[in-house]
Every structure is written in structure tokens, then in C-alpha cells.
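Q: Here it is, the structure, as C-alpha cells.
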Amino acid sequence: MRTYLRPALAVLLLALVVWPERFSWLFAPFAPQGGPVIYSRTSLLSLSLNHLALVLIATLAATLVAVGMAILVTRPFGAAFRPLSRTVTNIGQTFPPVAVLALAVPALGFGEGPTLVALFLYGLLPIFENAIAGLSTVSPTVLDAARGIGLTRLQRLIRIELPLALPVILNGIRLSAIIALGTATIGSTVAAKTLGEVIIAGLLTNNTAFVLQGGLIVGLFAVLLYDLMVQLEQRISARLGL
Amino acid sequence: MLFLILGAASCAAPFLSLAANRIVVGEGVALWRAAPVQHSAPALFLLGLGLLLGLLQSRPVLRVAGAVLSLAGLFWLLSMGAAALLADAGRYARVSPAAGFWCLLVICALLLADALSQLQPGPRTRAAALALTLLCVAGLLKAGLLSDLSIAQEFAPRKAAVLDAFIRHLWLAFGSLGLAALIGLPLGVLCHRHSRLREALLPLLSFLQTIPSLAMFGIMIPLLGWIGTQFPAAQAIGIAGIGFAPAFLALVLYSLLPVVANTVAGLESIPPAVRDAARGIGMTTWQRLFRIEIPLGLPVILTGLRIVLVQNTGLAVIAGLIGGGGFGTFVFQGLNQTATDLILLGALPTVALAMVAAIVMDILIEITQPQRGSET
């Protein structure tokens, strides 16, 4: 069943985004009397692209920084910072993403900027945590063997440690990306152009059709993104023979 | 070392900000000019001394003392500075903490957390420390030492509303946890027994968890609205498209995955030998469940509840968007009016609530952890 479901959902999502007018029959019963059925203030396609771009940039940046920091604290010279970094991640993860977003506004103002920063900051934690877990579970025997065949530190990191830690790191990236997708939706309350705009517009004008439309599109994006990342993780794990 | 450098760096940033009214952007006031010299000198001394004590890597007790000292200096300066600045400013003037204060606060708090974790306190000490911290914060607020700050001025006319939001927020976060536990724990036990059910249910729940919160809340609205209009009885108990019900239901749905998955994991973590022994001494299925499996799996199950509690406290903010109440109301009102202090009035209690919940749950988890060796 899975094999049919995935492409079907993808096609549905694409259709919802590119030809929203085609679905007016579906949403019409939810719209108020005589009110608009399909959100048309901004094209859904551009909102979707903007939303995805925000998530992509924030997650990529968070991945680079978080994996970099994880590499640093798992090296001998960075070991002193490890307990501190654990404390920071533990405390940081109790911060609600919405609160991070709301607190970014006083500091940075409205718009895409604070949203991006909030997504980035919050995205760091799961990736950092998982990268440390992944890097420190590489078995010492493997590392010894790598040293034995004469690999330098850098070579060991790039050819042995990172590839072996990759599935766990990807898991963290997935968590981050899904949280970012959800937080970006709320970003429209701080004037970022994301799909949340459709839902918020619906809530403000009491137009359930908009709410449903936005909710459906964002929900489908999230489910498909999640599925894609899981697939990727499984492929990579299989290739590594784990 | 890191803390001292960062602390010195944040001294350069404006400590307080003074604005003519609640909307305009304030003007930064530097750390040493915030309060009259007779107040700021001892406060700065405390702050510096505290951070210096923080340098002593090998003496965690002194580091804790240092962190507490610097926090005391920080708040003293904040209180005195706000009063002094307001004294010769206009009627609608507002004083709020600026970047410098927040950075110093974070640094001192991190120093405290780092030093405390170095001490590795037991659950009782941690509970006492938490209670003491809460008492200090309550005392600080009660004594009116911070009442000159703009966030307190934002709070004063909304006292009843804030209390209301607090109770509503607790209901949303804890009530949904309760209901999710009532549904999720039996489901978890069933999933543990029947692998077919587990294979069907867990992916479904994790897909639910994936759906962004705003979308989930949005989808709940027409669904519950429909139920409300179709069944008058449902409407009578408050089920409607907008308000508390959709927010509550969405939170319950989000909570199910951590509860069910951790119940399964907790039950699975029990060594088969223990299970066999219980069967061997003639325990029935129910006896085994309640006397062996649940007590032994409890730490893992509680970890699931911790995840839910922290997550729901944060997500309940979004309920503010669909009229569900809670602190989110202030956050989104503040965002609409670009009133920073109102945003903080909603966001700070939420963060504090999530942290307290996390710490309390951590203590509970540690208490239920079976002491290895002594029990067998």
C-alpha cells in the first residue's frame, strides 16, 4: 500500500499548490457565505517555495554549524567543553520553538530574518546532540584499525567516523527539519512569507476553507519530507551494512 | 574562563533600554551608567566577583556561590537602574532590560547550571535547589523590586488575565497529558503484547507527530465545528470549532506517540529472565503487569511523559491563535501590537513553566530508577 500512497500524496500536494482553483468544489462548503474559497492574495506556489527555502537554508546552516561543533567537542582538545555543551543542549531543548520565534522578534524585528534565526538556533540542538551521539559511538576497535593502517586524524574523521555516524546525524537533521517546517508555519505571525499565512488569514476572517487548505498543504509537506528523510536514512544504513 | 570573557563582552552591550512609551524603540543605557554610583558599584563588584569565582574549575561549590553572587548583583542593578532611570523620565516612559542584561543573565545561569551539574546532586538536593530558586523569584516579584520594569507595567493591568491564562495553560498542557496517558498507557501495553498492532499504530502516530502544529490546530477546527453543529449535546459540553476543545484535542494527539512508544520501550527493556521468574512463581498476566513490568519500565515511561509535558507546554502557546487561551494569547497580541513587553509577558512564563516541568520530571525519573544491586 505504501508504494501507491506516497506518489498519490505527492501528486495531491502538487495539484493543491499549483492548481488550487481546481479544488474549489472541495473547500466551498467550508467557506463563509459568498466569501472567497481559494486563497489568492499570494500564489500558493510562491508561498510554498519560500517556506521550503526557509526550512532548507536554516537546516543546512544548522547542520554545518552543529556537526562542526560536535566534531570539535569530540576531539581531545575540545573535550573540556563537552559537559558545558551538554548543559546548553539540555536547557535549550526545553525552550519551546514558538518562544524562540517570539523572543527573536524583540531582538531582530519582524520579517524573514528573525524566523530564519529562530529556525536555525532551534535546529542546532537535535543535530548537535545526535552528531555527538553518533561520533562517540564509533567503536574504538574500528578507530584502532584505522590508525593501524596509517590513516591520519583528518582521514579517520572523514573516512571512518563521519560515515559511520551519518545515520544518527541524519536522524537529527530530520527532527530539525520537521520542527523547522512547523515553526516556519508560525513564522507568518511575524510577517515571514510562509504557508502559515493562509491558515492565519483563515483564522482571522473566520474562513475555514483557508484554514483547511493551508493545513492540508503544510501537513502533506511535512509527511512527505519526513518520509523522504526516513527513506534516505534507510538507504544509507543499508549501504553501510548496518 | 569562557564565562568571564563572555561576561566582559556583554558588559559592552547596553544593559537597560529607556523608551518614551511602550511602542517606540528604546535607547540603550550602558551597564555602568544604569544606576547611581552608590548602587551600581557594589552590584558591579558582586557581578565581577561572582564571575571570577566561576573560574575555579576544580571547586564546584565556589563556582555555584559565584554564580549566585553574580545573579544577585545583576538583579540588584536591574532593580536600582530601572528606578533611577524612571525617576527623571516622562510619564509614559518605559525601562526594559536590554541585550546586555539578557546576555549576562544567560551567562550567569549557564555558569550556575554547569557548576551544579559538576556537583552531581541527588534528586533531593535538586528538588530543594529548584524550590529555593522558585522562592527567590517569587520573593523578588512580591517585594516589588522589579515593578519598575516595563514588563511589570504590562502585567499590572492584566493581573487577572495573566492568572487566567496561567490556569488555562496548565489545563492545556497537563490535562492533555493526563488524557493522553489514560489512552496511551493501555495502548502501549497492548502494542507491547501484539506486534501486529504495534507495527500498524506506531508509524501512524509518528505521522501525526510530523504534522506542523498550526496545520493540526487548523484541521481540528472544521472537524470539531462539524461535531459541535451536528450534536447539540457535544456543543453543550464545550466542543466547538474554535477555542479550548480543538487545541486540547490536537495536544492529546501530539502526546500519544511519546507515551505509546516509551511505554512499549519501557516494557521491552525488562530482561526476559525477570519475566520468566515472575511467571515461574505463578503470577498471573495482570499481576506481572502491575507488579513487575510497569514498576520496572517506569523510568522509560516517565521519560515519555517528560517529552510530552515539555512539548505541550510549548505547543499550548499556539492555542492562543485559535482562541484556546493560555500564554499564547499575550504572545500573539504582543506580536500584533509590536509591543515587545507583551510578547515577553507571554513567552517568559512559558519558558519558565517548560523548564520547571522538565526539572521536576527529571527528578521523578531519577527517583524511580531502580537502584542496581540493592534490590536484587
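The values are calculated or read from the model by the stated rules, or taken from the named source; none is laboratory data. All values derive from a computational prediction rather than experimental measurement. Methodologically, a virtual Cβ is constructed for each residue, glycine included, from the backbone with ideal geometry; neighbour enumeration extends over all protein chains shown.
Q: In the stretch B:63-106, how many are within 14 Å of chain A (Cβ to nearest Cβ) and among the β-branched types (Val, Ile, Thr)? Step through it out loud before you land on a result.
A: Residues of the stretch B:63-106 within 14 Å of chain A (Cβ to nearest Cβ): B:63-64, B:67, B:94, B:96-103, B:105-106.
This time we only want the ones that are among the β-branched types (Val, Ile, Thr), so: B:64, B:106.
So the answer is 2.
Q: Could you identify the single residue in A:61, A:53 that is surrounded by 14 or more Cβ atoms within 10 Å (Cβ to Cβ), at pLDDT 85 or above, touching a Phe, Trp or Tyr at 6+ places or on another chain (Cβ under 7 Å) and assigned to a helix (DSSP H, G or I)? Spell out the reasoning first.
A: Working: A:53 fails: touching a Phe, Trp or Tyr at 6+ places or on another chain (Cβ under 7 Å).
Going through A:61, A:53 in turn, just one is surrounded by 14 or more Cβ atoms within 10 Å (Cβ to Cβ), at pLDDT 85 or above, touching a Phe, Trp or Tyr at 6+ places or on another chain (Cβ under 7 Å) and assigned to a helix (DSSP H, G or I): A:61.
Q: Looking at the stretch A:64-98, which of its residues are outside any helix (DSSP H, G or I) and either within 14 Å of chain B (Cβ to nearest Cβ) or on the phi > 0 side of the Ramachandran plot (or both)? Before you say what the answer is, go through the steps one by one.
A: Step one: list which residues in the stretch A:64-98 are outside any helix (DSSP H, G or I), which gives A:75, A:95-96.
Across the stretch A:64-98, the qualifying residues are A:95, A:96.
Q: Among the candidates B:81, B:139, B:100, single out the residue that is over 30 Å from residue B:323 (Cβ atoms), assigned to a helix (DSSP H, G or I), touching a strand residue (DSSP E or B) at 6+ places or on another chain (Cβ under 7 Å) and not acidic (Asp, Glu). Can you show your working first?
A: Details: B:139 fails: touching a strand residue (DSSP E or B) at 6+ places or on another chain (Cβ under 7 Å); B:100 fails: touching a strand residue (DSSP E or B) at 6+ places or on another chain (Cβ under 7 Å).
Answer to the check: B:81.
Q: Still on this structure: Could you figure out which of (1) away from chain B (no Cβ under 14 Å); (2) buried (at least 22 other Cβ atoms within 10 Å of the Cβ); (3) closer than 28 Å to residue B:113 by Cα isn't true of residue A:137?
A: (2)
Q: Looking only at residues that are within 12 Å of chain A (Cβ to nearest Cβ) and free of Cβ contacts under 8 Å to residues at least 24 places away in the same chain in the stretch B:107-151, which one is nearest to residue B:67 (Cα to Cα)?
A: Result: B:113.
Q: Only one residue in B:248, B:217 is at pLDDT 85 or above and either touching a helix residue (DSSP H, G or I) at 6+ places or on another chain (Cβ under 9 Å) or of a type in the set (Asp, Glu) (or both). Which one? Don't jump to the end; show me each part of the working.
A: Values: B:217 fails: at pLDDT 85 or above.
Among B:248, B:217, only B:248 is at pLDDT 85 or above and either touching a helix residue (DSSP H, G or I) at 6+ places or on another chain (Cβ under 9 Å) or of a type in the set (Asp, Glu) (or both).
Q: Give the residues of the stretch B:64-111 that are among the β-branched types (Val, Ile, Thr) and closer than 26 Å to residue A:85 by Cβ, sorted by residue number. If you could, list the steps in order and put the result at the bottom.
A: So in the stretch B:64-111, the residues among the β-branched types (Val, Ile, Thr) come out as B:64, B:68, B:95, B:106-107.
Once the filter is applied, which keeps residues that are among the β-branched types (Val, Ile, Thr) and closer than 26 Å to residue A:85 by Cβ, the stretch B:64-111 yields B:64, B:68, B:106, B:107.
Q: Across the stretch B:309-352, which residue is farthest from residue B:171 (Cα to Cα) among those that are aromatic (Phe, Trp, Tyr) and in contact with a Lys or Arg (Cβ under 9 Å, 6 or more places away or on another chain)? Walk me through how you get there before you give the answer.
A: Within the stretch B:309-352, the first condition is being aromatic (Phe, Trp, Tyr), and the residues that meet it are B:327, B:330, B:332.
Those still in the list that are in contact with a Lys or Arg (Cβ under 9 Å, 6 or more places away or on another chain) too: B:327, B:330.
On the way: B:327: 12, B:330: 17 Å.
Result: B:330.
Q: Sticking with this one: Return the residues of the stretch A:185-216 that are more than 8 Å from every other protein chain (Cβ to nearest Cβ) and crowded, with 22+ Cβ neighbours inside 10 Å; say none if nothing qualifies. It would help to see each step written out before you state the result.
A: As a first pass, look at the stretch A:185-216 and keep what is more than 8 Å from every other protein chain (Cβ to nearest Cβ): A:187-188, A:191-195, A:197-198, A:201, A:204-207, A:209-210, A:213.
Selection gives A:187, A:188, A:192, A:194, A:195, A:197, A:198, A:209, A:210, A:213.
Q: May I pose another question? Which condition does residue A:175 not pass, out of (1) within 11 Å of chain B (Cβ to nearest Cβ); (2) within 30 Å of residue B:246 (Cβ to Cβ); (3) surrounded by fewer than 21 Cβ atoms within 10 Å (Cβ to Cβ); (4) over 15 Å from the mean Cα position of the chain (by Cα), if it passes all the others?
A: (4)
Q: A follow-up question, please. Does residue B:342 meet the test of being in the same structural domain as residue B:185 (by TED's automatic domain parsing) and out of contact with any Asp or Glu (no Cβ under 7 Å at 6 or more places or on another chain)?
A: no
Q: Right, next: Just to confirm my filter: which helices (runs of 4 or more DSSP H) fall fully inside the stretch B:265-376 and include at least 3 residues that are at pLDDT 85 or above and either touching a strand residue (DSSP E or B) at 6+ places or on another chain (Cβ under 8 Å) or within 14 Å of chain A (Cβ to nearest Cβ) (or both)? Even if it seems obvious, please write down each step before you answer.
A: Numbers: elements: B:272-280, B:294-315, B:328-337, B:340-368.
Helices (runs of 4 or more DSSP H) meeting the threshold: B:294-315, B:328-337, B:340-368.
Q: Please tell me if residue B:281 is under 25 Å from residue B:185 (Cα atoms), free of Cβ contacts under 8 Å to residues at least 60 places away in the same chain and either more than 16 Å from the chain's Cα centre (by Cα) or surrounded by fewer than 19 Cβ atoms within 10 Å (Cβ to Cβ) (or both). Write out each step before concluding.
A: On the way: under 25 Å from residue B:185 (Cα atoms): no; free of Cβ contacts under 8 Å to residues at least 60 places away in the same chain: yes; either more than 16 Å from the chain's Cα centre (by Cα) or surrounded by fewer than 19 Cβ atoms within 10 Å (Cβ to Cβ) (or both): yes.
No; evaluated as a whole, the condition is false for this residue.
Q: Name the helices (runs of 4 or more DSSP H) wholly inside the stretch B:179-238 in which the number of residues that are hydrophobic (A, V, I, L, M, F, W, C), within 25 Å of residue A:222 (Cα to Cα) and at the interface with chain A (Cβ under 9 Å from one of its Cβ atoms) is 3 or more. If you could, list the steps in order and put the result at the bottom.
A: Values: elements: B:195-210, B:213-230, B:232-236.
Passing ranges, in order: B:213-230.
Q: Condition first: surrounded by 13 or more Cβ atoms within 10 Å (Cβ to Cβ), free of Cβ contacts under 8 Å to residues at least 60 places away in the same chain and not in a helix (DSSP H, G or I). Now tell me which residues in the stretch A:18-50 satisfy that.
A: Matches in the stretch A:18-50: A:43 only.
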